[in-house]
Structures are given as structure tokens and as C-alpha cells.
Amino acid sequence: MELHINGEKRRFSQSETINVSDLLDALAVEQRRGLAVAINERVIPKSRWSEFLVNDGDAVEIIRATQGG
Amino acid sequence: MSEDQLRVGPYSFSSRLLVGTARYPNYQVMLEAIEQSGAELVTVAIRRLDLAASKESGVLELLAGRYTLLPNTAGCYTARDAVLTAQLAREALETDLIKLEVIADDQTLLPDSEELLVAARELVADGFVVMAYANDDPVLCRKLQDVGCAAVMPLGSPIGSGMGIRNPYNFQIIRELLEVPMLLDAGVGTASDAVLAMELGCDGVLLNTAISGAKKPVQMAQAFRLAVESGRAAWQAGRIPRRLYADPSSPSAGLIKSRGQ
């Protein structure tokens, strides 16, 4: 499966679709407080991370707050 | 003075100074400066997670619970990107507050008025409390109010320029047009710029680099706290009118005249 994550192509060994939580596990994202995820420009609420499926070719944005003015 | 609150949509704040969190020498200076500024609302940016450094907890851990976070859409050039960034910020930070920025280009960082209005309309419809970073254009500022922005924030001069308020007369006009809070955002160089903004009737001042880039950020933060309080008090007290010729302050009756004059 190939995904576009934060603007970069990434290949995953899983051939089947996976959910957002599994994807974050696969990316070794440990600190999840203050994160938000959008798939194909739609925000996926945290409450749906364990059920929402990511498909081959999807554009994934994973963001967090940082210093800004 | 505790009754004199800044009201933005459903939110109230005692402090009328809003500060950014960027470009400090380090976290310790940032936290000390924010503390000394007295700010309750602090801005943060929304950026892609660095997947190579995904264990970092970032700035959120330092600020959450102590301050009300105001995420921005800095770096967005289109309404579409700004709306998505705002929606991500709402999910990440659990807030409906958004500092809406839609800029036209990298060199001036000036707002793109058309895209800004489109984004503002969409975000208001989506339930956001929108604080819009705008040009110092009275017509644009009024339109932003009309589409439902909770606050309108005209720039004094370009972001990071430190040039102060280049067109105070526009600020006077904007003040008369707006019923929602008007905040100076961008261009602040030093404390007197903040005093002037408040004396022109701004409800608050938002700044970042003027504090973080000062030689002594913590001391500058204190200076801005005093400046905003001072300017607010002067605005409320009402300044005297300007006049071309002198008007003596001492009585003109009972003057002493020597003989021979």
C-alpha cells in the first residue's frame, strides 16, 4: 500500500487497508495528544481513529501545534 | 479595572495583550516572557508532524492549561488550505478559536483579501470563533465583521517589520466601523506602538517578534504589559483635542506687571 503522508510518498507492507490508529503505530508516533489527522482533506476525529480505514493512494496529513505568532 | 474585559465571541479576557510563541532563544525565555506579559491568549502555529522526531511533545505540553491557545493559519495562501488548517487545529487543540491568516506572498506576508473573506465566511459557518488578520483597509475590516468574524485584526505594518502603525487614520476609521473587537496585529516594534494602538481605540494588541526578538525579551514583555494598560487607560480617559496654537494652563487673570511696561 502506498500513502502520501505529509506530502511524501510512503510504502507500507500491509496490502489490506488499515485504520488510522494502526497507521500511527506503523509510523511510531507515540505522543498523540495534540495531534490531528486529515485524510484526503477531511479531518478524522480522534474518536474515529480506530475504525476509520486508510486506503491505498490516500493523502494523509498529520499535524500538531508548534511555536507561532 | 477587572470589569474591563476583552470579549471575543463567548470568551472574556482580563489582558488585552496577546503574544506569539515563536522565535524565542529557548523555551525558558519564552515561558518567562509570556508570564511577564500577562497575556492569557497565546498564539501557536499548526504544522506537519516531523515523522523522524515523532516522540517530541512540542510546545503544547508547556502551554496547555496555563494559557488559552489561539492557533493560527500562518503560511496559508488559499482559503482552502486555511480552512483545512483551522479544522485540524480545532481537532488537535480542542478549541473553536482561530486566528485566520491568508497571505498573498512570502515577501510582504500581506493578507490576500479575497481568499481571506472566503475563508472567514466558511469558518464562521463551520462554528469557529474567527479572529481575522487583515489589511488596514476599513472596507475589508467591515466586510470581515459582516461575515461574522468575532474580532478583526488590522496590521500596523508588515509582519516582523517593526514599523509600527503606518496609517493611524485608517485605524481611526476602522474603529468607527467596527462593533466587534479590533486588535492591532503585526508590525509592532516597541512599547510605544502598543500605546498608540490602544490610544486609537484598539481593544487589544497581538505581537510576537517585538518581544521575542528584543535584546531582553522578558523585560520587553513587561514593557508591553504596561504599554497596553497605559494606552487603554488613556483611551478610556479621553485625550484633549489637538490645536494649532498654545492654550495656557495657568490662569491669565491676576498676572504681575512691573511698572514701566
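Readers should treat all values here as calculations from the given coordinates under stated rules, not as data from a laboratory. Nothing here was measured: the structure is a model prediction, and the numbers come from that model. Methodologically, a virtual Cβ is constructed for each residue, glycine included, from the backbone with ideal geometry; neighbour enumeration extends over all protein chains shown.
Using 0.36 nm per residue and subtracting the Cα-Cα separation, the extra length available between B:V29 and B:E114 on full extension is 26.8 nm. Name all residues of region B:8-25 having a backbone nitrogen under 19 Å from the label point set 7 Å from the Cα of B:K215 along its Cα→Cβ direction, giving them as ranges. Inside the label zone: B:24-25. Under the convention that each Lys and Arg Cβ holds +1 and each Asp and Glu Cβ holds -1, the size of the dipole of the protein assembly as shown around its Cα centre is about 1520 debye.
Please identify which residues in region B:96-123 have an amide N closer than 18 Å to a label point set 7 Å out from the Cα of B:R166, following the Cα→Cβ vector. Only B:102-114 fall inside the zone, counting backbone N under 18 Å. The distance linking region B:72-101 with region B:111-176 is 16 Å (Cα centroid to Cα centroid, whole angstrom).
Under a 5 Å amide H cut-off, with hydrogens placed 1.01 Å from N, B:L110 pairs with B:A104, B:D105 among residues at least 5 apart or on other chains. For B:Y77 and A:E2, the FRET efficiency from 1/(1 + (r/R0)^6), where r spans their Cβ atoms and R0 equals 25 Å, is about 0.35. Shown here for region B:47-118: GluC sites (Glu not before Pro) in loop regions (DSSP other than H, G, I, E, B) with at most 15 other Cβ atoms within 10 Å, namely B:E56, B:E94.
Which order do peptides B:215-221, A:3-9 fall in by mean Cβ count within 10 Å, highest first?
Result, highest mean Cβ count within 10 Å first: B:215-221, A:3-9.
Taking amide H atoms as placed 1.01 Å from N in the peptide plane, the amide H of A:I18 lies under 5 Å from those of A:V54, each 5 or more residues away in sequence or on another chain. Which of B:L196, B:N208, B:I240 sits closest to the plus end of the dipole of region B:187-246, meaning its Cα is farthest towards the positive end, when Lys and Arg get +1 and Asp and Glu get -1 on the C-beta? Positive-end residue among those listed: B:I240.
Across region B:135-148, computed HN-Hα scalar couplings (Karplus, 6.51 cos²θ - 1.76 cosθ + 1.60, θ = phi - 60°) run 5, 7, 10, x, 5, 4, 4, 5, 5, 5, 5, 4, 7, x Hz from first to last residue, x flagging Gly and Pro.
Name the trypsin sites (Lys or Arg not before Pro) in region B:39-107 that are in a loop by DSSP and that have at most 10 other C-beta atoms within 10 Å, would you? All intermediate terms of the calculation are to be shown ahead of the outcome.
On the way: sites: B:R47, B:R48, B:K55, B:R66, B:R80, B:R90, B:K99; in loops: B:K55, B:R66.
Taking region B:39-107 and a limit of 10 other Cβ atoms within 10 Å, the loop trypsin sites (Lys or Arg not before Pro) found are B:K55.
Couplings 3J(HN,Hα) for region B:170-182, derived from phi with the Karplus relation 6.51 cos²θ - 1.76 cosθ + 1.60 (θ = phi - 60°), are 4, 4, 5, 5, 4, 4, 6, 7, 9, 9, 6, x, 10 Hz, where x marks Gly and Pro. The length gained on full extension between B:S192 and B:A233, counted as 0.36 nm times the residue separation minus their Cα-Cα distance, comes to 13.3 nm.
For chain B, with only Lys/Arg (+1) and Asp/Glu (-1) charged at the beta-carbon, what is the dipole magnitude about the Cα centre, in debye rounded to 20?
Roughly 1220 debye for chain B.
The modelled label-to-label distance for the pair A:A26/B:Q107, using points 7 Å beyond Cα in the direction of Cβ, is 4.4 nm. Considering only alpha-carbon pairs that sit under 8 angstrom and 6 or more positions apart, the relative contact order computed for chain B is 18 percent.
Based on Cα contacts under 8 Å between residues 6+ apart, region A:2-64 shows a relative contact order of 48 percent. Using bins of 10 Å that start at zero, the share of Cα-Cα pairs per bin across region B:32-168 amounts to 12, 39, 36, 12, 1, in whole %. Projecting the Cα atoms of A:N55, A:T17, A:I5 onto the charge dipole of chain A (Cβ charges, centred on the Cα centre) puts A:I5 farthest toward the positive pole. Here the relative contact order of region B:154-255, from alpha carbon pairs under 8 Å that lie six or more residues apart, stands at 24 percent. Once backbone amide H atoms are built at 1.01 Å from N, B:L49 has A:I62, A:I63, A:R64 as its partners under 5 Å, excluding neighbours fewer than 5 places away on the same chain. Applying the criteria of a DSSP loop state and at most 16 other Cβ atoms within 10 Å to the trypsin sites (Lys or Arg not before Pro) of region B:142-185 yields B:R166.
The convex hull drawn around the Cα atoms of the protein assembly as shown, when projected onto a plane and averaged over every direction, covers 21.8 nm². Taken over chain B, the ratio of Cα radius of gyration to 2.2 N^0.38 Å equals 1.14. When DSSP beta bridges are restricted to pairs lying wholly in region B:109-261, around 0% turn out antiparallel. Backbone geometry of region B:209-220 corresponds, through the Karplus equation with coefficients 6.51, -1.76 and 1.60 at θ = phi - 60°, to 3J(HN,Hα) couplings of 5, 4, 8, 5, x, 5, 4, 10, x, 5, 5, 5 Hz, x marking Gly and Pro. Scaling the Cα radius of gyration of region B:141-219 by the globular reference 2.2 N^0.38 Å produces a ratio of 1.09. In terms of the Cα gyration tensor, with a ≥ b ≥ c the square roots of its eigenvalues, is region A:2-64 rounded because a/c is under 1.5, prolate because a/b exceeds b/c, or oblate? Rounded, since a/c falls under 1.5.
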